[in-house]
Amino acid sequence: MMGRAYIPYGAWWSTPFCRWQGSLAGEHALELVARVAREALAARRIPAEALDALILGTTVPQRAAFYGAPWVAAMLGAPGITGATVAQACATSARVLASAALEVECGLRGCVLGLAGDRTSNGPHVYYPDPAAPGGRGTAEDWVWDNFQRDPHAGASMVQTAENVARAEGYSRAEQDAVALLRHEQYREALAHDRAFQRRYMVPVTLGRGRRARVVEADEGVHPTDAEGLAALAPVLEGGTVTYGTQTHPADGNAGVVVATEERARELSRDPSVAVRLVSFGEARVEPGRMPTAVVPAARQALSRAGVAIGGCKAIRTHNPFAVNDLYFSRQTGVAPEAVNRYGSPLVYGHPQGPTGCRLVIEMVEELVQSGGGYGLFAGCAAGDTAMAVVVRVG
């Protein structure tokens, strides 16, 4: 359990998540994350000089990504700071938060900016030279598509891991459809009153200049969903139970969070009376081909370290690339599906990998602030049959 790492209230943001090959498909992910961060920090009156370091999370290479965090720091107006660039698939955001929190906890830094951004659209096509191969021909890889389709250790695609769990646990097609429909209903709550909940943290993105400029204000790619529409969808894999309605979709976007000491957090907060503390982190890996199940041991580890029972959490968020994830989580923990992901989840609004967890933590904290504070748990699976979890306390 940690006691020194805080998030200044309001010192967080997320762009809308835009569907694969959508409005953000032509934007350089690192240039965009820097521009959004520069504007968001200015709007929150947090000067670049207040930052001691930057930790960047990104999983899909972009041109010049070799320069990572130092380049992003310079672009956002803080050329005097540096830091690490990390990648841990969909656990990247949790790793960014953990790295920032541990530096603050150990007294190495007083104020760290954590950023996460990815563009799954137009991912790189990589060629690996091999002079020893017949004819000197190398091998090629589509970074996004090929890695979604096969874990080199487990030998399974992402969707196959969900099918493995559905089959082993006996989850029916109807049960998965019901969870997906519930998540869409919860997401509509976030859109109520002209997106009042999302406007607490979501920042618009302006694309283009002059007369051609346009603004992306809301998530892009959320399909109208009802029970009849879900029931009409064919399984992704022949003979399977997972459909395109019960799995997420690739997306583009970015998010940011400031992590600081309690004193610095109070100085940078929109409301110094609200204290947001990063309490603990958890991590787990399960047997090959069972990715959706990793969320539960990661969550249990984080809760154990925090000294909190899951029943003591007023808000719970999961990264759920498949409805199967939430079925397993609820049955293993005893938490009702409707008590998780109150304002929707990546199952609905998409999956840009790096920033996904960051947005979920931000939404969770805003939910806790609305309900008067308390403990919150975020947990989400990641490639390699792994998961990470985060416990926060809002006081």
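The numbers here are math on the coordinates, done by the rules we state, and not lab data. Nothing here was measured: the structure is a model prediction, and the numbers come from that model. Cβ placement follows ideal geometry from the backbone for every residue including glycine, while neighbour counts extend to all protein chains displayed.
A few remarks follow.
- At least 15 Å along the helix axis (C-alpha) and Kyte average at least 0.0, DSSP helices within the chain: 29-43, 92-105, 295-306, 356-370
- Around LEU24: net Lys/Arg minus Asp/Glu count, Cβ-Cβ under 15 Å: -2
- With only the Cα atoms considered, segment 53-95 has a convex hull volume of 65 Å³ per residue.
- Fully extended contour minus Cα-Cα distance, from ALA74 to THR206, at 0.36 nm per residue: 45.5 nm
- Residues whose amide H falls under 5 Å from that of ASP219, counting only those 5 or more places apart or on a different chain, are PHE17, with hydrogens built in the peptide plane.
- Dimensions in Å of segment 1-64 - Rg and Dmax from alpha carbons: 14.4, 42
- Mean shadow area of segment 305-363, taken as a quarter of the surface of its Cα convex hull (nm²): 4.4
- Rounded, prolate or oblate (a/c below 1.5 giving rounded, otherwise prolate when a/b exceeds b/c) for segment 134-277 by Cα gyration tensor: prolate
- Centre-to-centre separation between the Cα atoms of segment 322-369 and those of segment 47-70: 26 Å.
- Projected over all directions and averaged, the alpha-carbon convex hull of segment 27-69 occupies 3.4 nm².
- Intensity falloff of the chain expressed as log10 I(q)/I(0), Debye formula with alpha-carbon point scatterers, at q = 0.07, 0.12 Å⁻¹: -0.29, -0.89
- Whether segment 1-157 is rounded, prolate or oblate, judged on the alpha carbon gyration tensor where a/c under 1.5 counts as rounded: prolate
- Where trypsin sites (Lys or Arg not before Pro) in DSSP loops with at most 12 other Cβ within 10 Å are excluded, longest remaining stretch of the chain: 271-395
- Taking θ as phi - 60° and the Karplus parameters 6.51, -1.76 and 1.60, the scalar couplings of segment 269-285 work out to 6, 5, 9, x, 6, 9, 10, 10, 10, 7, 8, 6, 9, x, 8, 8, 9 Hz in sequence order, x denoting glycine and proline.
- Charge dipole (the chain, unit charges on Cβ, about Cα centre) - positive-most of ALA178, ALA89, PRO129: ALA89
- Distance-filtered residues of segment 75-109 - backbone nitrogen under 14 Å, label point 7 angstrom along ARG38 Cα→Cβ: 75-80
- A helix-only calculation puts the chain at -10000 deg cm²/dmol for mean residue ellipticity at 222 nm, using -39500 (n - 2.57) for each DSSP H run of at least four residues, averaged over all residues.
- Cα point-scatterer Debye curve for segment 79-206, base-10 log of I(q)/I(0) at q = 0.09, 0.10, 0.12, 0.18 Å⁻¹: -0.54, -0.66, -0.91, -1.23
- Around GLY289: net Lys/Arg minus Asp/Glu count, Cβ-Cβ under 10 Å: -3
- Environment charge of ALA154, counting only residues whose C-beta is closer than 14 Å and scoring Lys/Arg +1, Asp/Glu -1: -1
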